[in-house]
1. List the helices (runs of 4 or more DSSP H) that sit entirely inside region 1-114 and contain at least 3 residues that are in the same structural domain as residue 132 (by TED's automatic domain parsing) and surrounded by 15 or more Cβ atoms within 10 Å (Cβ to Cβ).
2. Check 97, 75 and return the single one that is under 19 Å from residue 60 (Cβ atoms), touching a helix residue (DSSP H, G or I) at 6+ places or on another chain (Cβ under 8 Å) and in contact (Cβ under 8 Å) with a residue 40 or more places away in the chain.
């Protein structure tokens, strides 16, 4: 992607109004027409549709952005938005697979972990969701008042996750997806 396209996308998003995304979508459509295969353009247009509430349209743009080789932190953000949007559309098993793949690729991402917890909750595993958030706190929050209690947070996380252990086995097959292990994105 050229610096000019990057600057154009940055300017479009600097002017966006999250309460009225149509002007942002309208500004992105000509960029997409000029660069229909550019992964960042696809991602940004998908994100604009997603923010506007057109999640079904956003999914296709996220999938194409990933297929076209989105990289770096923008790829991490795309995984997050894609997984979250799948959850919002009721495709919880697909969301779990996306977050599993994203967390494998970006294991230190706190944001991915937080949104994965929302999907775990939507999957009927509130204990596992809370446990994962406790682990995120213990591993990523640097607060002197919390440091003393990090072993307790981890212990409570282990206990909570064990409460959903039977449910985890039932969901494991759904998370694995196709036999070849590939996501359909």
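The values are calculated or read from the model by the stated rules, or taken from the named source; none is laboratory data. On a predicted model such as this, the values are computed, not experimentally measured, just so you know. Every residue, glycine among them, receives a Cβ derived from its backbone with ideal geometry; neighbour counts consider all protein chains shown.
1. Numbers: elements: 3-14, 22-34, 39-51, 55-67, 72-88, 92-105.
Where helices (runs of 4 or more DSSP H) fall fully within region 1-114 and carry at least 3 residues being in the same structural domain as residue 132 (by TED's automatic domain parsing) and surrounded by 15 or more Cβ atoms within 10 Å (Cβ to Cβ), they are 92-105.
2. Going through 97, 75 in turn, just one is under 19 Å from residue 60 (Cβ atoms), touching a helix residue (DSSP H, G or I) at 6+ places or on another chain (Cβ under 8 Å) and in contact (Cβ under 8 Å) with a residue 40 or more places away in the chain: 97.
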